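The values are calculated or read from the model by the stated rules, or taken from the named source; none is laboratory data. Note that the coordinates shown come from a computational prediction; the quantities given were computed from them, not determined experimentally. For neighbour counting, all protein chains shown are included, and Cβ atoms are generated from backbone atoms with ideal geometry for every residue, glycine included. Heavy atoms of the whole protein, side chains included, go into the accessibility calculation; ligands, DNA and RNA do not. Shrake-Rupley method; radii C 1.70, N 1.55, O 1.52, S 1.80 Å.
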Amino acid sequence: MKYWIVSALLVLGGSLQAVSPVTWTQDSEAEFSGGEFKSTVLTSTGQVALSREISILMPSAADLPDISAVATDGKAVFAASAGSGAIYRMASLSDKKGKRWATLSGAIVTAMVWTDKGLLAGSGGQGAGLYAIDPAGKVSTRWSDPNVNYIWSILPGPEGKTYIGTGPEASVYSIDADGNATRLYKDGKLAKNILSLAAGKDGLLYAGTDESGLVIEINTATKASRVVLDAEEKEISSLICDGAGGIFAATSDADKAGGDGEEPAGAAAMIARIRKAAPTSRPASPAPKSPPSEGESEDLADEEATPATHTATSAAAPRAKAPKPTSAAARMRAALAKMRTTTTPPEASDLEGPGNAVYYIRPDGLVRCIFRKPVTILAMMMLDKQLILGTGNSGSVYAVSPDGQEAAQLANTDAKQVTSLTTGPDGSILFGTANKGSLGKLGAGLAKSGTYISKVQDAQQICQWGTAQVRAKAPAGSEVTFATRSGNLAEADDETWSPWSAPMPVSEDFLQVASPNARFLQYRLAFSSTDKAAVPSVGGVEILYQMGNLPPVVSAVTVKPSASGHDGGDSSDAATAPQPFRAVSFTATDVNNDTMVYKIEFRPVGSEQWIEIADKLDATNYSWDTRTVGDGVYELRVTASDSPSNPPASALSASQISAPVVADNTAPVVKLVQAKVDGRNAGITGSAQDASSRLTSIAYALDSQNEWVAVLPDGGICDSSSENFSFQLKDLKAGAHRIAIKVTDLYGNTGYATVSVTAQSATNQPTELAPLEPKATSKPTGR
């Protein structure tokens, strides 16, 4: 086996080219998942490879737009139409024609299972019921009820009994061979429909609901029931008992699936369509249509069974017993076994978050999630100790080991939903699809060819494409080729984009990417194999491209006062300390991912000249000491340059100007302080003013330097640079007192003034002191 790394030559040129190329890398499941798969699949280890071979046995037709259920009698294959109540029959897998075999009353055939006496089928909508169709195609009503509008699941039971899950009263019935019904369970509160059934040990029955996502255990002898799982998802679409007391439960909550621009799919969507199409009232005894006579059988289009890719929507139909293994079945077992060597256990994070799941309910009641992806799981069956899942809206088929340690995508169809699964007469996997309906067969061998087209890469501007590295495995007898196309519209198409470059075989030679310069790029991997044992795959793609140099972008320049000049942070007493520093921070980005350096300048508001503060900074923050300039209002300009990553002639820069920044390092002035003494009471009035910023607080201290009392200005709020204030001192001790007044501005500068008063005894007359012009002092603001 050869392991190749393919590179494309990069030609540099242009005076405005960036120095460092950009790398687009895809090497994981998440990154590859956005592409388009044709007969290719994506493994959990991030490998793109050829899918299993798909043959379309019964193509879509006007009266078979979607398939809702599939069953087999060990030789013939039956497919039910989702919209007409028709059931088609293929005499064998080699039969290239499907014939209308029977037609049921009801808007849709919801479930089918083959028994030793013929086919049992359930329908929904007007005429809903349980029908028996003998091997000749004759339809008879086994059971119906006016209150039952949907039969979603059918499960053969012991002694000729048949269990059915119904709606809209979320009931489970046991129907005997004579058509007599016994209701074993009814909900009606937490759910409206029983979507799935499975038989456990010792007469236990398990039912999966819609709306609440419950798995209910029902004792068929006593009718006692209990909830064994309350899932996060709304719908339990399929159940399988493992024979040892454990249960696998798959969910199909449309809200949990990944969006693809299509209408959500799932059992709920099907229920909504039926309710819209059919009234809730219905005839008590629906009359099934007779099958067409021998000369009136309706054939589907005679179409070759050719390899293709498909998907589907709806509830999973119960499966017939697997036929005796054949050589084809052995090959399928070998193919599933080979999966174990090509996958790795999922990470715990892969089983969390959005998506639908497969849960395993252990015999002791503990529950573990073993599979989760952003799809709806519409069908599930067990084949050779592997769970096989049919999904929407991806239209994929997955294989999952019962312990959840191994998972692989087996096929990706070109329909939207894989609605049903069963084991074919030769041991192969048969599946029905909707939203391009068809009956398909998943073979044990690989498709002979397939392609993967990547999502569109947006380089943000027109660029020159450079080195492409493809990590490929191509055993003898297989080949991988690589091609690209480019364009300047986000949506890739054949009209506005360049044509695909000639496919280049992956080899040890350097390859030149031929796509023209453009903003957008796609690549295409083509896989082919002439040897069933040769599995070509790709585990990673890297594409380098050279962008024209674009200037940096500077945004969000912020400037905050700070008491500390070390790191721009405020000190612990920042509320009272002077704040001479301005912490400057900004955001700068460069689409070329260039290294940048920064320059900071200032100027007084209204000036034309910028004065440099700092240059060639490599950090996006700076502490500016405003004591180096006079008090006033300034603007700061931050300039980012990509010069470290570009030649001088190609380097570019960009600037951003801050909002006005106030530099204020001068204390407010306290003036016009007057004191009026009335016995042991004193009234103080005065004013304060700051030259550059607003005042934030006024306080006084009586005969103390530590006990300050806050004072509101006369207007009730400190909201300007000039404030008048007044306050009363009562019950002073007789004698002389010193009153200190402190006024602080927005930047922590503090001005002081003092006045002295003498409190008198009660017999003394009020004394009005003359206006005093005390000397204002300031708390030091120097270094």
Review point. Which pairs have Cβ atoms under 8 Å, sit 6 or more apart or on different chains, and link a residue in the stretch 594-622 that is in contact (Cβ under 8 Å) with a residue 24 or more places away in the chain to one that is of a type in the set (S, T, Y) and open to solvent by 70 Å² or more (accessible area, probe 1.4 Å)?
Key: none
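Can you tell me which residue is farthest from V48 (Cα to Cα) among those in the stretch 519-541 that are among the hydroxyl-bearing types (S, T, Y), open to solvent by 10 Å² or more (accessible area, probe 1.4 Å) and part of a strand (DSSP E or B)?
Going through the stretch 519-541, the residues among the hydroxyl-bearing types (S, T, Y) turn out to be 523, 528-530, 537.
From what is left, the residues that are open to solvent by 10 Å² or more (accessible area, probe 1.4 Å) are 528-530, 537.
Of the ones still in play, those that are also part of a strand (DSSP E or B) are 528-529, 537.
On the way: S528: 13, S529: 14, S537: 5 Å.
Checked the stretch 519-541; the qualifying residue farthest from V48 (Cα to Cα) is S529.
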Exercise for review: Quick one: which residue in G35, G106 is modelled with pLDDT of 85 or more, in contact with a Ser or Thr (Cβ under 7 Å, 6 or more places away or on another chain) and open to solvent by 10 Å² or more (accessible area, probe 1.4 Å)?
Suggested key: G35
Check your understanding: A472 passes all but one of (1) open to solvent by less than 20 Å² (accessible area, probe 1.4 Å); (2) of a type outside the set (F, W, Y); (3) part of a loop (DSSP other than H, G, I, E, B); which number fails?
Key -> (3)
Check your understanding: Here are Y163, Y150: which of them is at pLDDT 95 or above and of a type in the set (F, W, Y)?
Key -> Y163
Study note, to complete from the structure: Reported set for the stretch 694-706 where residues are under 15 Å from A577 (Cα atoms) and either exposed (fewer than 13 other Cβ atoms within 10 Å of the Cβ) or small (G, A, S) (or both) is S697
Review point. What number of residues in the stretch 547-589 are modelled with pLDDT of 90 or more and assigned to a loop (DSSP other than H, G, I, E, B)?
Key: 5
Review point. Of the residues D66, D95, which single one is modelled with pLDDT under 90, more than 21 Å from N412 (Cα to Cα) and acidic (D, E)?
Key: D95
Review point. Closer than 14 Å to S655 by Cα, of a type in the set (A, V, I, L, M, F, W, C) and either part of a loop (DSSP other than H, G, I, E, B) or modelled with pLDDT under 90 (or both): does that describe L544?
Key: no
Point to revise | Residues located in the stretch 654-677, provided they are within 51 Å of the chain's Cα centre (by Cα) and open to solvent by 30 Å² or more (accessible area, probe 1.4 Å) | key: S655, Q656, I657, A659, P660, V662
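In contact with a Gly (Cβ under 8 Å, 6 or more places away or on another chain) and surrounded by fewer than 20 Cβ atoms within 10 Å (Cβ to Cβ): is that true of K201 in this structure? Step through it out loud before you land on a result.
Details: in contact with a Gly (Cβ under 8 Å, 6 or more places away or on another chain): yes; surrounded by fewer than 20 Cβ atoms within 10 Å (Cβ to Cβ): yes.
Against the criterion (in contact with a Gly (Cβ under 8 Å, 6 or more places away or on another chain) and surrounded by fewer than 20 Cβ atoms within 10 Å (Cβ to Cβ)), K201 qualifies.
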Practice item. Taking T433 as meeting all but one of (1) buried (at least 24 other Cβ atoms within 10 Å of the Cβ); (2) assigned to a loop (DSSP other than H, G, I, E, B), write down the number of the exception. Key: (2)
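When the stretch 25-49 is examined, which residues are found to be hydroxyl-bearing (S, T, Y) and over 11 Å from V541 (Cα atoms)?
S33, S39, T40, T43, S44, T45
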Check your understanding: Restricting the search to the stretch 382-404, which residues are open to solvent by 10 Å² or more (accessible area, probe 1.4 Å) and over 23 Å from the mean Cα position of the chain (by Cα)?
Key -> M382, L383, D384, K385, P402, D403
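Can you find even one residue in the stretch 184-194 that is of a type in the set (K, R) and buried (at least 17 other Cβ atoms within 10 Å of the Cβ)? Working first, answer last.
Initially, the stretch 184-194 is screened for residues of a type in the set (K, R), giving 186, 189, 192.
From what is left, the residues that are buried (at least 17 other Cβ atoms within 10 Å of the Cβ) are 192.
Yes, the conditions are met somewhere in the stretch 184-194.
Applying the selection to the stretch 459-469, what residues are open to solvent by 50 Å² or more (accessible area, probe 1.4 Å) and on the phi < 0 side of the Ramachandran plot? Give the steps one after another, and end with the answer.
Restricting attention to the stretch 459-469, the residues satisfying the condition of being open to solvent by 50 Å² or more (accessible area, probe 1.4 Å) are 460, 462, 469.
Those that are open to solvent by 50 Å² or more (accessible area, probe 1.4 Å) and on the phi < 0 side of the Ramachandran plot: I462, Q469.
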Practice item. Show the residue pairs that are 6+ apart or on different chains and have beta-carbon atoms under 6 Å apart, the first residue being within the stretch 400-412 and closer than 18 Å to G443 by Cα, the second being charged (D, E, K, R) and not in a loop (DSSP other than H, G, I, E, B). Key: L410/R52; A411/R52
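Only one of P505, P499, P516 is more than 20 Å from T23 (Cα to Cα), open to solvent by 20 Å² or more (accessible area, probe 1.4 Å) and either at pLDDT 90 or above or aliphatic (A, V, I, L, M) (or both); which? Full working, then the answer.
Values: P505 fails: either at pLDDT 90 or above or aliphatic (A, V, I, L, M) (or both); P516 fails: more than 20 Å from T23 (Cα to Cα).
Exactly one of P505, P499, P516 is more than 20 Å from T23 (Cα to Cα), open to solvent by 20 Å² or more (accessible area, probe 1.4 Å) and either at pLDDT 90 or above or aliphatic (A, V, I, L, M) (or both), namely P499.
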**Study point:** Tally, over the stretch 144-168, of residues that are in contact with a strand residue (DSSP E or B) (Cβ under 6 Å, 6 or more places away or on another chain), open to solvent by 10 Å² or more (accessible area, probe 1.4 Å) and not hydroxyl-bearing (S, T, Y)
**Key:** 4
Exercise for review: Considering every residue within the stretch 233-246, establish whether at least one is at pLDDT below 95, part of a strand (DSSP E or B), open to solvent by less than 10 Å² (accessible area, probe 1.4 Å) and among the small types (G, A, S).
Suggested key: no
Practice item. Give the residues of the stretch 127-143 that are over 16 Å from I194 (Cα atoms) and buried (at least 18 other Cβ atoms within 10 Å of the Cβ), sorted by residue number. Key: G127, Y131, A132, I133, G137, V139, R142, W143
**Study point:** Single condition T626 does not satisfy, out of (1) open to solvent by 30 Å² or more (accessible area, probe 1.4 Å); (2) without any contact (Cβ under 8 Å) to a residue 60 or more places away in the chain
**Key:** (1)
Check your understanding: Across the stretch 437-449, what is the total count of residues that are open to solvent by 10 Å² or more (accessible area, probe 1.4 Å) and either under 19 Å from Q417 (Cα atoms) or of a type outside the set (A, V, I, L, M, F, W, C) (or both)?
Key -> 5
Point to revise | Long-range neighbours under 8 Å by Cβ, at least six apart or interchain, first residue free of Cβ contacts under 8 Å to residues at least 12 places away in the same chain within the stretch 203-228, second open to solvent by less than 20 Å² (accessible area, probe 1.4 Å) | key: A224/I218; R226/I216
